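Down below is the structure, laid out as structure tokens.
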Amino acid sequence: MKKQLLLLTLALVGTLLFTQCNKKPDAKTPAQKKTAEVDARAFDQWAYFNLREGKVVTVTNPETDLTWDIAFHRYDFRTNSGASGKGQGGAAETAFAEVTDRGSLPEASAFTQDEIGTIVSYMSGGHGDDNGIQYAQTGVNYLLTTKTDENGKIVHQGAIAMKGMPPTYEYSGKVYAVRCADGSHALVKVTNYKNAHNESAFINFEYSHLSDN
């Protein structure tokens with residue numbers, strides 16, 4: 001009898017340990033918030049970031065490279081998707097207030113992939129016919145990126161909007177779900193466009209990669 005009780009006790013303990021080890025994170029458990037600052041000053045190139053590893057990565061061919069998830073060019077954004085890359089990327093708005101929130105992500109159909117858009121590729125500050133400004137056609141994510149019409153009027157405000165001269169920068173304050181190149185997800189919230197020295201085009205953002213929790 002004692003042997004049977006001992007075996008039953010050991011079985012119950014093993015079951016409890018197995019259950020605890022394989023328990024999925026509670027949806028209410030806060031995600032792990034991280035912060036990053038990316039130098040996006042260059043007009044002629046993008047700065048690429050890996051949200052799983054939390055670092056800027058060097059990319060030679062963004063259309064085939066799967067090491068990057070989100071990229072920055074001044075106040076333009078792209079994800080590894082559509083016209084920008086062959087990854088499973090994209091972006092969607094969430095109802096979350098902070099990147100530490102946990103809950104249901106938007107449906108797959110809600111994620112916006114990249115399309116061909118227009119960015120400023122060169123700016124000299126000149127006063128010629130083009131005002132020293134040149135443009136390029138490239139992949140852009142127009143959920144994260146503010147879109148303007150031919151008259152410069154904002155038709156969609158993304159994570160950052162530049163307004164007026166001298167320019168001021170307005171942040172949406174939204175938490176975006178970014179689908180990474182590998183199909184995993186991260187939450188991203190842009191918080192600043194300047195570094196500690198008040199230099200522009202340094203993208204500061206909070207993020208959490210949901211597989212880290």
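None of the figures in this text is laboratory data; all of them are computed from the coordinates on show. Owing to the predicted nature of the structure, the values given are computational and were not obtained by experimental measurement. Cβ coordinates were reconstructed from backbone atoms using ideal geometry, including for glycine residues, and neighbour counts include every protein chain displayed.
Points to keep in mind about this one:
- Magnitude of the charge dipole for the stretch 32-212, about its Cα centre and with charges confined to Cβ atoms of Lys, Arg (+1) and Asp, Glu (-1), is about 380 debye.
- Under the Karplus curve 6.51 cos²θ - 1.76 cosθ + 1.60, θ = phi - 60°, whole-Hz ³J(HN,Hα) for the stretch 140-147, x wherever Gly or Pro sits: 9, 9, 8, 8, 7, 9, 5, 10
- Each residue of the stretch 108-118 was assigned a 3J(HN,Hα) from its phi angle through the Karplus expression (A = 6.51, B = -1.76, C = 1.60, θ = phi - 60°), giving 4, 5, 7, 7, 8, 9, 6, 9, 6, x, 10 Hz with x at Gly and Pro.
- Here the peptides 108-117, 183-192 are ranked by packing, the mean other Cβ count within 10 Å, and the order with the highest first is 183-192, 108-117.
- Sum of side-chain charges, Thr64 neighbourhood, beta-carbon under 15 Å (Lys, Arg +1; Asp, Glu -1): -3
- Neighbours of Ala95 by Cβ distance under 11 Å: Lys/Arg scored +1, Asp/Glu scored -1, total -1.
- Per-peptide packing, taken as the mean over residues of other Cβ atoms within 10 Å, places 171-178, 147-154, 159-166 in the sequence 171-178, 159-166, 147-154 from highest down.
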